[in-house]
Amino acid sequence: GAGTGWLTLWLASRGARITAVDISERSLDLLQQNAAAAGVTDQITTCCSDAMNLSELDWPFDLVVGRFVLHHLRPFDTFADMLSRHFVSGRAVFLENSACNPLLMFVRQHIVGHWGIRRFSDEEERPLDHDDEQCLRARFSEVLVSHPELVMFGLVQSHLPWLGRPGRLLVRLDEAVGEMFPALCKWSYLQVIE
């Protein structure tokens, strides 16, 4: 899920050698243009591939990074099997959305996409849930799930951008509530899986 490469460029600027994978040829073309502008093309190899079929890559890697890609992969256990087969040693970090908050899941299923409220997802994708976490735990010796910040109220701003200032206040509300009550971050729509 390298996309146009902001994370790839950030890692490359810090010395990483990267194989950037994305299903979109257009995104990878833009990534290569961005890498050339940043002067890091020597550190980046691109591969246009579906994340479910990564056997042709030069495994193993020290670090596998994904940003909002796992929730697209179904069946999830097929991807987890593929990753565990190739992942001899090293570390994987995925930034993903979470299905842990029942209120957010209700809104996602019954409100978003109606009454002028924008939907960004398609019908095939779904946030990662407890079963997906257990699927990873069954295949890897250590799986850590964390919620580094509260992303809940601010989602209104992304779906209703015409709210303007009130929407931005909801983003700040996430920040304030997350700082005052860190335990509430477990209800965040954002999670990090290591």
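A few points about this structure:
- Sparse packing (at most 12 other Cβ atoms within 10 Å of the Cβ) combined with a DSSP loop state is found for the following chymotrypsin sites (Phe, Trp or Tyr not before Pro) in the stretch 43-129: W115, F120.
- Looking at the stretch 99-163, the accessible area is 65 square angstrom per residue; that uses a 1.4 Å probe and ignores ligands, DNA and RNA.
- Heavy-atom accessible surface of the chain: percent carbon and sulfur, 1.4 Å: 56
- Taken one residue at a time, the phi angles of the stretch 150-158 give Karplus couplings (6.51, -1.76, 1.60, θ = phi - 60°) of 7, 10, 8, 4, x, 4, 4, 4, 6 Hz. Gly and Pro are set to x.
- Which of L28, L95, F140, positive extreme of dipole for the chain (C-beta unit charges): L95
- When E142, E179 are compared by accessible area of protein heavy atoms, the largest-first order is E179, E142, using a 1.4 Å probe.
- With the simple spin-label model, which puts each label point 7 Å out from Cα in the Cβ direction, the D77 to S49 separation comes to 2.4 nm.
- When H71, H130 are compared by accessible surface with a 1.4 Å probe, the order from highest to lowest is H130, H71.
- Rounded if a/c under 1.5, otherwise prolate or oblate - the stretch 1-135, Cα gyration tensor axes: oblate
- Heavy-atom accessible area with a 1.4 Å probe sorts D29, D62, largest first, into D62, D29.
- Between the exposed loop cleavage positions of the chain, defined as trypsin sites (Lys or Arg not before Pro) in a non-H, G, I, E, B DSSP state with at most 11 neighbouring beta-carbon atoms within 10 angstrom, the longest gap is 15-117.
- Take L144: with every protein chain present and a 1.4 Å probe, its accessible area is about 90 Å².
- In the chain, Cα pairs under 8 Å separated by at least six residues give a relative contact order of 19 percent.
- Choice from G39, G66, G178 showing the highest fluctuation, given a GNM over the chain with Cα pairs closer than 10 Å: G39
- Summed side-chain charge close to L150 - residues other than L150 whose Cβ falls under 10 Å, Lys, Arg +1, Asp, Glu -1: -3
The values are calculated or read from the model by the stated rules, or taken from the named source; none is laboratory data. For clarity, every value in this text was computed on a predicted model and none was experimentally measured. Neighbour counts are summed over all protein chains in view; Cβ atoms, including those assigned to glycine, are modelled from backbone coordinates with ideal geometry. SASA here: full protein model, heavy atoms, side chains in, ligands and nucleic acids out. Shrake-Rupley method; radii C 1.70, N 1.55, O 1.52, S 1.80 Å.
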